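Below is one structure, written out as structure tokens, with a few remarks after it.
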Amino acid sequence: MTATVPTGTEVVRGACPHDCPDTCALTITVQDGRAVSVTGDHEHPFTRGGLCVKVDNYLDRVYSPDRVLFPMRRTGPKGSGRFERISWDAALDEISKRFRSISAEYGPEAIMPVSYLGTQGILNGLNVGDPFFAKLGATIAERTYCDSGSCTAYMMTIGDSAGVDPENIVHSRFILVWACNIMSTNLHLWPVIAEARKRGAKVVVVDPVRTRTAKAADWHIPIRPGTDGALAMAMMHVIINEGLTDDDYVANHTVGYDQLVERVRQYTPEWAAEETGVPAEDIRRLAREYAGGQPSVIRIGVAVERHAGGGQAVRALSCLPALVGAWRKPGGGILQLPLWAFPVNWGAMMHPEMLEPGKRIVNQYLLGAALTGGMKLDPPIKALMVYNTNPVVVCPDQDKLVEGLRREDLFTVVSEQFMTDTAELADIVLPATTQLEQDDIMFSWGHLYVTYNHRSIEPLGEAVPNTELFRRLAARMGFTDPVFQRTDADMIAEAFDWSAPAMRGITVESLKERGWQRLSVPPPDEYAPHAEGGFPTASGKVEFVSSAAAGGNFVVPLFRQGSNDHQPGTPVDPLPHYIPPREAAHTNPELAAKYPLNLLTPKPHAYLNSSDGNLPFHRRVQGDAAILIHPSDASARGIVTDDDVRVFNDRGSFVMKAKVDPSVLTGVTVSAYGAWRMHATSLSTVASVNPVAFADLGNAPTFSDTLVQIEKA
């Protein structure tokens, strides 16, 4: 079932589909069946009528002449771009025939799904294909690109708590933004922070780069990449040694304080200054102001997990609010992912009970090695089904990945809106709808509102939503389980635990009518869920000594199709501690002698990961792919702005324009990822040099733990 599509002129309520914390509420004006405008919902308390540059021109995406609108079959060599239009029946016949023959010859584990959050809707997003591939018996895809390590660390410390309501940050007195460029990646939070500043709050940004957000802050603290944990541990050292703790809160709502006191003794500001590059007196000042500015809040970004010790850095940061009693009042605590407040019925989306126990798991981060024999898989991967992601751009080990995708014995199906770098290497390309052409229902990882997305126009061409794609595939494979007979309306009815206290007063019908509703939690001015403790941990308290660590390292099952098998299980120290970066001068001097510059690859301003990286307007706003380099590093290499430079290490290389910029630290280079490979001078991007090693927790990526050298091209 879908919303009635208007034939005259009507304003339809929708939701931004992007993997972004803001989950904006949209209003779509439709005239004679064609969308003529997409704007932010002025009534929504968080969207406030505004949209970011990624979505403000959403109709450019919907009506782009480059849309894939019909099933396509490859007719030339892989990567040639030569395809012919075929019917859906022909596409489904070929896919089902190949899947059956591969399963018969090699076993179903020779087939692997590859997906992520190209759309974030509960229906069409992360888990839409999970039941199909569970029934098929395919290899399980572990999807830990983003926040997996942070989630593991956060849950080990305070449990699956929503933490701070972003709207009540207006009440914060000290706002510590850590590894998050809010003005580019969480734009709608900035007005809340601006209002807090008007009320007297201080805003401090910890980031190796002087980002848009850092420039707008009261104090920017530049830090060496990968040393966040050292700074956080040193802050705890100062807070404890100088008696800045909230002793009552610590005594009643935490466990393991005495052990923490002993642990942080070694992490002095002087030691941390050598490690982080932040002066010892600045570390003391930061700790004192954070402890004294109650209620204080820490907003952590996804970048904080992306180095060898990222998980333990999040552990340390998650401990800080309890030490100073920040949780006592609205606007105090830590903001990681408010999505924990949403009672999403993930089981109904994933159906993990359909998984065969012990089924093989392959992390998508290792896809290049998986396709080229590096993992020595038995059976080898013989078929891929790619949807909601563009792995050629977002996966590391890009050269190996492209080599693997070029294999003639690999059957690859890609469901896409555009002919991406990955789609060009496919055998079959299927047309996917945009958000305006499908129904969905949305949680948020950046506020506390449920949002309903009405389909506002008919699908263009023969494009179908992901839900319909997997219904068609299941039918062609002969899968008759009830899960494959569900309509979109059935899935929306199962999307939440509607009986949960947080959903009181919220129904499918009320959401259809209103477009969005706030969870049934206290209003922002009163929301302080841990004023009296009550943390969702085994002890009910903040666990400085984590009981969950006893089970070893783990990935939240949501990121691995609901499976709890084959968890990493490596031992985890139950106390937070510092793990230095792997690729740094002081930890790997031999490597640093060859590749002395640390490369950071943050989120782009105008793209959402690689989404929109093909659209002319977004490319103009983002500008040509460039790498920022500090003037002293540039001078030593004879490099000036607009020089073509080669960036390289043992894993690969790419060529792009240099931009000499003092906003980066000496020894640090920065190039936003998301630019498409087909647009690159060297047919390679930043993904060609990123490592494939995992961080310490949650099998998180280590994009920010990368050493390179730069020379004139």
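If I go through the range 26-58 residue by residue, how many of them are farther than 24 Å from Gly446 by Cβ and among the hydrophobic types (A, V, I, L, M, F, W, C)?
So the answer is 3.
What number goes with the only condition from (1) touching a residue at least 40 places away in the same chain (Cβ under 8 Å); (2) surrounded by fewer than 17 Cβ atoms within 10 Å (Cβ to Cβ); (3) in contact with a Ser or Thr (Cβ under 7 Å, 6 or more places away or on another chain) that Phe617 does not pass?
So Phe617 meets the others, but not (3).
Residues of the range 356-369 being open to solvent by 30 Å² or more (accessible area, probe 1.4 Å) and either in contact with a helix residue (DSSP H, G or I) (Cβ under 7 Å, 6 or more places away or on another chain) or assigned to a helix (DSSP H, G or I) (or both), which ones?
Across the range 356-369, the qualifying residues are Arg360, Ile361, Leu366.
For Asp246, work out the one condition from (1) surrounded by fewer than 22 Cβ atoms within 10 Å (Cβ to Cβ); (2) within 26 Å of Ala693 (Cα to Cα) it doesn't fulfil.
(2)
Of the residues Leu599, Leu628, Leu591, which is open to solvent by less than 50 Å² (accessible area, probe 1.4 Å) and outside any strand (DSSP E or B)? Explain how you work it out, then say what you get.
Values: Leu599 fails: outside any strand (DSSP E or B); Leu628 fails: outside any strand (DSSP E or B).
Matching residue, one of Leu599, Leu628, Leu591: Leu591.
Test Pro557 against the stated conditions and say whether it is open to solvent by 20 Å² or more (accessible area, probe 1.4 Å) and in contact (Cβ under 8 Å) with a residue 40 or more places away in the chain. Break it down stepwise before answering.
On the way: open to solvent by 20 Å² or more (accessible area, probe 1.4 Å): yes; in contact (Cβ under 8 Å) with a residue 40 or more places away in the chain: yes.
In short, yes.
What are the residues in the range 106-134 that are farther than 16 Å from Asp488 by Cβ, in contact (Cβ under 8 Å) with a residue 60 or more places away in the chain and not in a loop (DSSP other than H, G, I, E, B), if any?
Result: Tyr106, Glu109, Ala110, Ile111, Met112, Pro113, Val114, Ser115, Asp130, Phe133, Ala134.
Of all residues being out of contact with any Lys or Arg (no Cβ under 9 Å at 6 or more places or on another chain), surrounded by fewer than 22 Cβ atoms within 10 Å (Cβ to Cβ) and not aromatic (Phe, Trp, Tyr) in the range 264-278, which is nearest to Ala531 (Cα to Cα)? Just the residue, please.
Of everything passing the filter in the range 264-278, Arg265 is nearest to Ala531 (Cα to Cα).
Tell me, yes or no, whether the range 425-442 has at least one residue that is open to solvent by 10 Å² or more (accessible area, probe 1.4 Å) and within 20 Å of the chain's Cα centre (by Cα).
Within the range 425-442, none of the residues are open to solvent by 10 Å² or more (accessible area, probe 1.4 Å) and within 20 Å of the chain's Cα centre (by Cα).
Suppose the filter is touching a His at 6+ places or on another chain (Cβ under 9 Å) and either buried (at least 24 other Cβ atoms within 10 Å of the Cβ) or under 28 Å from Asn598 (Cα atoms) (or both); does Asp228 pass it?
yes
Give the residue, chosen from Glu281, Glu305, that is modelled with pLDDT of 95 or more, of a type outside the set (Lys, Arg) and surrounded by fewer than 24 Cβ atoms within 10 Å (Cβ to Cβ). Spell out how you get there, then give the answer.
Details: Glu305 fails: surrounded by fewer than 24 Cβ atoms within 10 Å (Cβ to Cβ).
Being modelled with pLDDT of 95 or more, of a type outside the set (Lys, Arg) and surrounded by fewer than 24 Cβ atoms within 10 Å (Cβ to Cβ) holds for just one of Glu281, Glu305, which is Glu281.
Can you name the residue in the range 102-116 that is among the hydrophobic types (A, V, I, L, M, F, W, C) and in contact with a Pro (Cβ under 9 Å, 6 or more places away or on another chain) and is also farthest from Leu410 (Cα to Cα) among such residues?
So the residue we want is Val114.
Taking the condition of a type in the set (Phe, Trp, Tyr), assigned to a strand (DSSP E or B) and open to solvent by 10 Å² or more (accessible area, probe 1.4 Å), does Phe648 pass?
yes
Ile710 - would you say it is modelled with pLDDT of 95 or more, assigned to a strand (DSSP E or B) and either open to solvent by less than 40 Å² (accessible area, probe 1.4 Å) or of a type in the set (Asp, Glu) (or both)? I'd like the intermediate steps shown before the answer.
Numbers: modelled with pLDDT of 95 or more: yes; assigned to a strand (DSSP E or B): yes; either open to solvent by less than 40 Å² (accessible area, probe 1.4 Å) or of a type in the set (Asp, Glu) (or both): yes.
Considered against the rule, which asks whether it is modelled with pLDDT of 95 or more, assigned to a strand (DSSP E or B) and either open to solvent by less than 40 Å² (accessible area, probe 1.4 Å) or of a type in the set (Asp, Glu) (or both), Ile710 comes out as yes.
Regarding Ala90, is this residue in contact with a Pro (Cβ under 9 Å, 6 or more places away or on another chain), over 19 Å from Val556 (Cβ atoms) and surrounded by fewer than 18 Cβ atoms within 10 Å (Cβ to Cβ)?
yes
Cβ-Cβ distance below 9 Å, separation of 6 or more or different chains: which pairs start in the range 25-43 with a residue that is farther than 14 Å from Tyr58 by Cα and open to solvent by 40 Å² or more (accessible area, probe 1.4 Å) and end on one that is assigned to a loop (DSSP other than H, G, I, E, B) and modelled with pLDDT under 95?
Pairs found: Gln31/Pro6; Gln31/Gly8; Asp32/Pro6; Asp32/Thr7; Asp32/Gly8.
Quick check: anything in the range 667-674 open to solvent by 40 Å² or more (accessible area, probe 1.4 Å) and touching a residue at least 12 places away in the same chain (Cβ under 8 Å)?
No.
Before we move on, is Gly14 open to solvent by less than 30 Å² (accessible area, probe 1.4 Å), more than 30 Å from Val450 (Cα to Cα), small (Gly, Ala, Ser) and modelled with pLDDT of 95 or more? Full working, then the answer.
Numbers: open to solvent by less than 30 Å² (accessible area, probe 1.4 Å): yes; more than 30 Å from Val450 (Cα to Cα): no; small (Gly, Ala, Ser): yes; modelled with pLDDT of 95 or more: yes.
No; evaluated as a whole, the condition is false for this residue.
Quick one: which strands (runs of 3 or more DSSP E) sit completely within the range 28-85 and have at least 3 residues that are out of contact with any Gly (no Cβ under 7 Å at 6 or more places or on another chain) and among the aliphatic types (A, V, I, L, M)?
Working: elements: 34-40, 72-74, 83-85.
Those strands (runs of 3 or more DSSP E) span 34-40.
Just checking, how many residues over the range 370-397 are in a strand (DSSP E or B), within 11 Å of Ser115 (Cβ to Cβ) and not aromatic (Phe, Trp, Tyr)?
Just the residues of the range 370-397 that are in a strand (DSSP E or B), to begin with: 383-387.
Now narrow it down to the ones that are within 11 Å of Ser115 (Cβ to Cβ): 384-387.
In the following step, the residues that additionally are not aromatic (Phe, Trp, Tyr) were identified as 384-386.
Counting residues in the range 370-397 that are in a strand (DSSP E or B), within 11 Å of Ser115 (Cβ to Cβ) and not aromatic (Phe, Trp, Tyr) gives 3.
Which one of Lys603, Lys594 is modelled with pLDDT under 95 and of a type outside the set (Asp, Glu)?
Step by step, each of Lys603, Lys594 is checked, and only Lys603 is modelled with pLDDT under 95 and of a type outside the set (Asp, Glu).
The values are calculated or read from the model by the stated rules, or taken from the named source; none is laboratory data. Note that the structure is a prediction, hence the values are computed from the model and not measured. Note that we place each Cβ from the backbone using ideal geometry, even for glycine, and neighbour counts take in every protein chain shown. The area values use the complete protein model at the heavy-atom level, side chains included, leaving out ligands, DNA and RNA. Shrake-Rupley method; radii C 1.70, N 1.55, O 1.52, S 1.80 Å.
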